[in-house]
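Structure first, commentary second.
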Amino acid sequence: MKISVITVSFNSARTIRDTIESVLNQTYSDIEYIIVDGASKDDTLSIIKSYGNRISKLISEKDNGIYDAMNKGIKAATGDVIGILNSDDFYSHPDVIKNISQSFNPNTDAVYADLVYVSAAEKNKIVRTWKAGKYETGSFRKGWMPPHPTFFVKRMVYENFGLFTDELKSAADYEIMLRFIHLHNINLNYLPEIIVHMRTGGASNISLKNRIKANREDKKAWKMNGLKPSPLTFIRKPLSKLSQFFKR
């Protein structure tokens, strides 16, 4: 099974080396590593190019945002399974992709796992732990979602049900998982281990204003798929994150 890992970047010189090393140091051998860069102005490209042909494919050109870049990576991918690792995140250990591959069987469409948030300044300092837990039908209506950086999906799922929605600026990852899992009922496996370290400071969480904006986009994600949330879905979704600060 070939697994494609996609990293999208823009002016990520400060963090992307950790990301790249965590992919290249995986023990699993059949990895296609694709980096989609938005024509960075800093040293990001020189860092990427320093790895030579260890990077399977490099696309560097202007894009229409992070989700447009992710779509470019998916279109370029040839793996049976696709995972996306952001340029300020990194895999937790060298056996991540091996463990993911072993979690797939012929009936599995996607696998997800747990992650930890780490300090942007100190990558070894854990500040939040996101234990996703096993999916049950209707979980999205209760505010649940899996951590997107841990979400590995068969390429055929993208081919059958579509790519990221550019219309959404911060919730397209939520929308695509809602569409795949809740709307189309793809078959999931949960790998109960931490596989990604994610630096704090993401676009949707960086301020209260952005969090409110993201909440509006979450509502839009349901509407654009013709789905009806429960009256408490958008209250329970942010509240469910509070417990992450007490799990270490």
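Odds and ends about this structure:
- Residue match in the stretch 158-178 (condition: part of a loop (DSSP other than H, G, I, E, B), modelled with pLDDT of 95 or more, over 23 Å from Lys2 (Cα atoms) and over 15 Å from the mean Cα position of the chain (by Cα)): no
- Residues of the stretch 46-98 classified as in a helix (DSSP H, G or I) and polar (S, T, N, Q), total: 3
- Pair list, Cβ < 8 Å and 6+ apart or interchain, from the stretch 112-123 residues that are assigned to a loop (DSSP other than H, G, I, E, B) to residues that are of a type outside the set (S, T, N, Q) and surrounded by fewer than 15 Cβ atoms within 10 Å (Cβ to Cβ): Ser119/Lys125; Ala120/Gly201
- When Ser29, Ser92, Ser50, Ser60 are screened for being out of contact with any Ser or Thr (no Cβ under 7 Å at 6 or more places or on another chain) and either closer than 19 Å to Ala113 by Cα or among the basic types (Lys, Arg) (or both), only Ser92 passes.
- Filter pass, Phe10 being closer than 21 Å to Asp173 by Cα and touching an Asp or Glu at 6+ places or on another chain (Cβ under 6 Å): no
- Of all residues in the stretch 133-156 being crowded, with 19+ Cβ neighbours inside 10 Å and aliphatic (A, V, I, L, M), the one that is modelled with the lowest pLDDT: Met145
- Of all residues in the stretch 112-127 being closer than 16 Å to Asp88 by Cα and surrounded by 17 or more Cβ atoms within 10 Å (Cβ to Cβ), the one that is nearest to the chain's Cα centre (by Cα): Leu115
- Condition met for Asp88 (over 21 Å from His197 (Cα atoms) and out of contact with any Cys (no Cβ under 7 Å at 6 or more places or on another chain)): no
- So Ala13, is it among the aliphatic types (A, V, I, L, M), on the phi < 0 side of the Ramachandran plot and part of a loop (DSSP other than H, G, I, E, B): yes
- Of all residues in the stretch 17-45, exactly one satisfies the criterion of being of a type in the set (Lys, Arg) and either in a loop (DSSP other than H, G, I, E, B) or under 18 Å from Phe152 (Cβ atoms) (or both), namely Lys41.
The values are calculated or read from the model by the stated rules, or taken from the named source; none is laboratory data. Being a predicted model, the structure only gives us computed values, none of them experimental. Every residue, glycine among them, receives a Cβ derived from its backbone with ideal geometry; neighbour counts consider all protein chains shown.
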